[in-house]
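Enquirer: I have a structure here, written as structure tokens, and I will follow up with some questions on it.
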Amino acid sequence: MHPLLEEVHELLRRSTVEFAEARIEPSARDIEVKGEYPRGLLRELGKLGLLAPMAPPEYGGGGLDFRGEVIVIEEVAKHSPTLATVMEVQGALIIDSLLKHASGVVKERFLEGLVKGELIASFALTEPCCGSDAGAIETQATDRGGEWVINGRKTWVTSGQYADLYLVFARTGGIEERHRGITAFLVPRGSCVEVNHLEAMGIRGGGTAEVAFRDCSVPDEYRIGEVNRGFYLAMEELNLGRTCVGAIGLGIAERALTEAYNYAHGRRIYGGLLAQLGVIQNYLAQMYAQVEALRSLLYTTALMRDRGLGEFTKYAQVVKFIGTSTAVNVTKLAIQVMGAVGLSTEMPLEYLYRDAKVTEVYEGANEVVLYSLFKMMGK
């Protein structure tokens, strides 16, 4: 057992591994290659309390800490990074936001369904105008006395094609106010919502979409958090999300290492095993070192959050950058070890490599993450 974990975390890992091997692995190619959205698996995970491990038991969650969340994401990502991505958006970004900032009405109507996977929600922040500059979003929310009317477009919305609910960040102040004039709202899907599917090289089954909101009316009870404080809410939750993306990177890297190690110890070449060649041993050792360094960084970051340490915000950026870079590097080396076999679309390395690259871009491109980290240095 890792020294930063407890027995409850290892029990959780074992139950997640059993589910992932029995239920996720057989569907992985349908999700990752054919682009099928894993709604059925989300419901199954919800019934087991694995979709939102940190949610309280009264809503159907596991009542666990953040280390429990990242372990579930890590293990799922070994089989389907797409499913792990959908899970972290719903379990970390959405549900945690509602638990901390939603009205009693919203919690009563929607939280249990979200925790159990009966409802799907999307985190609608990015816009065509300003992907990395979230303070410049243009979607408008107009106060009409007890209700808000929302108009605008969001893009690259995970689960957007299939969502029942959207956590929408909209401008409630002037454009010159930037991040100080943004508020969050929960918008149910209806006739005012238009959805267009977006294709991408990886995370193919994530239901990624562009979503337009045209005169969508929501009551003030569906406002999440304070007026003009939505940007800060988003950044707070993205620290959870970025840590979970680091966990996805770890899961991808672990699976890639396992595939390469097993192949090298079964493939015969030059009268011996591939694993007997010095260059292959070097590659495998590099991969192992990167995986274990990432593992300790991830668990340290999650422990900081569990203990309420201020350093968590800084480490969330670090683990997002290191986790996604490691996923790309290790998967690339694994393909080199396996040669043409590693390039085959019949092998998991093909989709793992595509998905690994996506992790460097979503939930804050690594360049944005590094900029945020630079501003935190020395504090």
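The values are calculated or read from the model by the stated rules, or taken from the named source; none is laboratory data. Just so you know, these numbers come straight off a predicted model, no measurement behind them. Quick reminder, even Gly has a Cβ in these numbers, built from the backbone with ideal geometry, and neighbours come from all protein chains shown. Note: areas computed on protein heavy atoms with side chains; ligands, DNA, RNA excluded. Shrake-Rupley method; radii C 1.70, N 1.55, O 1.52, S 1.80 Å.
Enquirer: Could you tell me whether segment 276-296 includes any residue that is touching a residue at least 60 places away in the same chain (Cβ under 8 Å), within 27 Å of Gly131 (Cα to Cα), of a type in the set (D, E, K, R) and assigned to a helix (DSSP H, G or I)? Let's see the steps before the verdict.
Expert: Of the residues in segment 276-296, the ones touching a residue at least 60 places away in the same chain (Cβ under 8 Å) are 295-296.
From what is left, the residues that are within 27 Å of Gly131 (Cα to Cα) are none.
Among the residues of segment 276-296, not one is touching a residue at least 60 places away in the same chain (Cβ under 8 Å), within 27 Å of Gly131 (Cα to Cα), of a type in the set (D, E, K, R) and assigned to a helix (DSSP H, G or I), which makes the answer no.
Enquirer: Can I ask one more? Kindly indicate the residue of segment 117-140 that is touching a Phe, Trp or Tyr at 6+ places or on another chain (Cβ under 8 Å) and either of a type in the set (D, E, K, R) or part of a helix (DSSP H, G or I) (or both) and also nearest to Ala55 (Cα to Cα) among those meeting that condition.
Expert: The selected residue is Ala134.
Enquirer: With (1) closer than 16 Å to Leu186 by Cα; (2) at pLDDT 95 or above as the list, and Thr85 as the residue in question, which single condition is left unmet?
Expert: Going through (1) closer than 16 Å to Leu186 by Cα; (2) at pLDDT 95 or above one by one, Thr85 breaks only (1).
Enquirer: Going by the conditions given, is Lys357 open to solvent by 20 Å² or more (accessible area, probe 1.4 Å), among the basic types (Lys, Arg), more than 16 Å from the chain's Cα centre (by Cα) and closer than 26 Å to Leu257 by Cα?
Expert: It is false that Lys357 is open to solvent by 20 Å² or more (accessible area, probe 1.4 Å), among the basic types (Lys, Arg), more than 16 Å from the chain's Cα centre (by Cα) and closer than 26 Å to Leu257 by Cα.
Enquirer: Please enumerate the residues belonging to segment 43-77 that are open to solvent by less than 30 Å² (accessible area, probe 1.4 Å), closer than 20 Å to Thr158 by Cβ and of a type in the set (D, E, K, R).
Expert: Answer for segment 43-77, where residues must be open to solvent by less than 30 Å² (accessible area, probe 1.4 Å), closer than 20 Å to Thr158 by Cβ and of a type in the set (D, E, K, R): Glu69, Glu74, Glu75.
Enquirer: Continuing with the same structure: Are there helices (runs of 4 or more DSSP H) fully within segment 1-77 with at least 3 residues that are in contact with a Phe, Trp or Tyr (Cβ under 9 Å, 6 or more places away or on another chain)? List them.
Expert: 28-32, 39-47, 66-77
Enquirer: What about Gln286, is it more than 20 Å from Glu69 (Cβ to Cβ), modelled with pLDDT of 95 or more, surrounded by 15 or more Cβ atoms within 10 Å (Cβ to Cβ) and in contact with a helix residue (DSSP H, G or I) (Cβ under 7 Å, 6 or more places away or on another chain)?
Expert: Numbers: more than 20 Å from Glu69 (Cβ to Cβ): yes; modelled with pLDDT of 95 or more: yes; surrounded by 15 or more Cβ atoms within 10 Å (Cβ to Cβ): no; in contact with a helix residue (DSSP H, G or I) (Cβ under 7 Å, 6 or more places away or on another chain): yes.
Spelling it out, it is not the case that Gln286 is more than 20 Å from Glu69 (Cβ to Cβ), modelled with pLDDT of 95 or more, surrounded by 15 or more Cβ atoms within 10 Å (Cβ to Cβ) and in contact with a helix residue (DSSP H, G or I) (Cβ under 7 Å, 6 or more places away or on another chain).
Enquirer: Within the bounds of segment 141-149, is there any residue that is in contact with a Phe, Trp or Tyr (Cβ under 7 Å, 6 or more places away or on another chain) and free of Cβ contacts under 8 Å to residues at least 12 places away in the same chain? Even if it seems obvious, please write down each step before you answer.
Expert: Initially, segment 141-149 is screened for residues in contact with a Phe, Trp or Tyr (Cβ under 7 Å, 6 or more places away or on another chain), giving 141-142, 148.
Now drop any that are not free of Cβ contacts under 8 Å to residues at least 12 places away in the same chain, which leaves 142.
The answer is yes, given that some residue of segment 141-149 is in contact with a Phe, Trp or Tyr (Cβ under 7 Å, 6 or more places away or on another chain) and free of Cβ contacts under 8 Å to residues at least 12 places away in the same chain.
Yes/no matrix, rows are residues, columns are (1) of a type in the set (Asp, Glu); (2) in a helix (DSSP H, G or I); (3) surrounded by 20 or more Cβ atoms within 10 Å (Cβ to Cβ):
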site: Glu221; (1), (2), (3): yes, yes, no
site: Tyr232; (1), (2), (3): no, yes, no
site: Met235; (1), (2), (3): no, yes, no
site: Leu238; (1), (2), (3): no, yes, yes
site: Gly241; (1), (2), (3): no, yes, yes
site: Cys244; (1), (2), (3): no, yes, yes
site: Ala247; (1), (2), (3): no, yes, yes
site: Gly251; (1), (2), (3): no, yes, yes
site: Thr258; (1), (2), (3): no, yes, no
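Enquirer: Assess whether Phe110 counts as being assigned to a strand (DSSP E or B), closer than 24 Å to Gly40 by Cα and of a type in the set (Phe, Trp, Tyr).
Expert: no
Enquirer: Check Gly40 against each of (1) open to solvent by 10 Å² or more (accessible area, probe 1.4 Å); (2) on the phi < 0 side of the Ramachandran plot; (3) in contact (Cβ under 8 Å) with a residue 24 or more places away in the chain and name the one condition it does not meet.
Expert: For Gly40, the exception is condition (3).
Enquirer: Something else about it: Which numbered condition trips up Tyr351, out of (1) open to solvent by 20 Å² or more (accessible area, probe 1.4 Å); (2) within 30 Å of Arg29 (Cβ to Cβ)?
Expert: Here Tyr351 clears every test but (1).
Enquirer: Hey, another quick one. Collect the residues in segment 3-34 that are under 20 Å from Thr82 (Cβ atoms) and open to solvent by 30 Å² or more (accessible area, probe 1.4 Å), keeping them in residue-number order. Can you show your working first?
Expert: Quick first cut of segment 3-34, residues under 20 Å from Thr82 (Cβ atoms) only: 16-17, 19-34.
Residues satisfying the conditions are Val17, Glu21, Ala22, Arg23, Glu25, Pro26, Ser27, Arg29, Asp30, Val33, Lys34.
Enquirer: I would also like to ask the following. Within segment 127-157, take every residue that is under 30 Å from Leu64 (Cβ atoms) and at pLDDT 95 or above and give me the one that is least open to solvent (accessible area, probe 1.4 Å). Please lay out each step first, then the result.
Expert: So the first thing to find is which residues in segment 127-157 are under 30 Å from Leu64 (Cβ atoms), and the list is 134, 156-157.
Okay, now just the ones that are also at pLDDT 95 or above, so 156-157.
Numbers: Trp156: 142, Val157: 1 Å².
Once the filter is applied, the top-ranked residue is Val157.
Enquirer: If you go through segment 90-98 one residue at a time, do you hit one that is part of a helix (DSSP H, G or I) and open to solvent by 20 Å² or more (accessible area, probe 1.4 Å)?
Expert: Checked segment 90-98: no residue is part of a helix (DSSP H, G or I) and open to solvent by 20 Å² or more (accessible area, probe 1.4 Å).
Enquirer: Out of curiosity, is Glu112 touching a Phe, Trp or Tyr at 6+ places or on another chain (Cβ under 6 Å) and open to solvent by 10 Å² or more (accessible area, probe 1.4 Å)?
Expert: Working: touching a Phe, Trp or Tyr at 6+ places or on another chain (Cβ under 6 Å): yes; open to solvent by 10 Å² or more (accessible area, probe 1.4 Å): yes.
So Glu112 passes the test.
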